[in-house]
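Report on the structure given below.
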Amino acid sequence: MTGKRYAGWLFPLVLALGLGGLSAWLDRISTVTVEETALNPNEPQYAMEGISGSRFDKQGALQDRLDAQSARQFPDSKEVVFRRPLLQVYAEGKKAYQVGSEEARYDTGSRQILFEKQVVLNKEAADGKPAGRMAADNLTVDTVSKTAAAAGPVRFDYGASQGTADGMTYDYNRGLLRLPSRVKATLYDPQNP
């Protein structure tokens, strides 16, 4: 009689201990140890070839488009480096201007692009104003405010006018080009030929 009394509670106890042990063993073998490895800061974290990206305004109209031969981003950097980029900026569905160069650096926080090496900015003719072209060694474009600035020597053509200067700023919204120093230009006034 004593054997039957122990058998009634011994089986559930052995079963509970066995299941508890099995559960602990499964938990141990299924736990994955993740070891974080620091990325090499001299090698890109992301690399892309043949890229094209477009941004649209709230109404769904094309706002700007960026094409490039390649792009890469390094670890812990908000900067994306482009090879042979071409930025096209649109206003009211029409291309306002485009900027191209050999290289560019885009800051994802400020949304500014620093174009470097053989930079060419082309402004489309619009609203009775002639087309314009500017060439420089570097150019910073703010895609939010639609402004551009170059610190070094620039060469420009605006309609039939042309010239050179040390530095420039351009505000697309105001249609204002400023040439701060050493300006040499031949200006053509379409009102007075």
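Laboratory data are not the source of any read-out in this text; all were calculated from the coordinates shown. As the structure is a prediction and not an experimental result, all values here were calculated from the model. With ideal geometry, Cβ positions are generated from the backbone for all residues, glycine too; neighbour counts draw on all protein chains shown.
Beyond a 27 Å Cα-Cα separation, which of these cross-linked pairs lie in this structure: 94/184; 58/94; 78/117; 58/123; 78/184; 78/129? Violating the 27 Å limit, Cα to Cα: 94/184; 78/184; 78/129. Measure nothing fancy, just the Cα-based angle from helix 2-30's long axis to the longest principal axis of the chain, in degrees from 0 to 90, nearest 10. In the chain, helix 2-30 runs at an angle near 20 degrees to the longest axis. The magnitude of the dipole of the chain, with charges of +1 and -1 set on the Cβ of Lys/Arg and Asp/Glu and taken from the Cα centre, is near 400 debye. With contacts taken as Cα pairs under 8 Å at a separation of at least 6 residues, the chain carries a relative contact order of 9 percent. For the stretch 84-167, a simple Cβ point-charge model (Lys and Arg +1, Asp and Glu -1, everything else neutral) yields a dipole of about 200 debye relative to the Cα centre. Would you please classify the overall shape of the stretch 139-193 from the alpha carbon gyration tensor, given that a ≥ b ≥ c denote the square roots of the eigenvalues, rounded means a/c under 1.5, and beyond that prolate means a/b larger than b/c while oblate covers the rest? Note, shape of the stretch 139-193 comes out oblate.
From the square roots a ≥ b ≥ c of the eigenvalues of the alpha-carbon gyration tensor of the stretch 46-186, which class results: rounded (a/c under 1.5), prolate (a/b over b/c), or oblate? Cα axes put the stretch 46-186 in the oblate bin.
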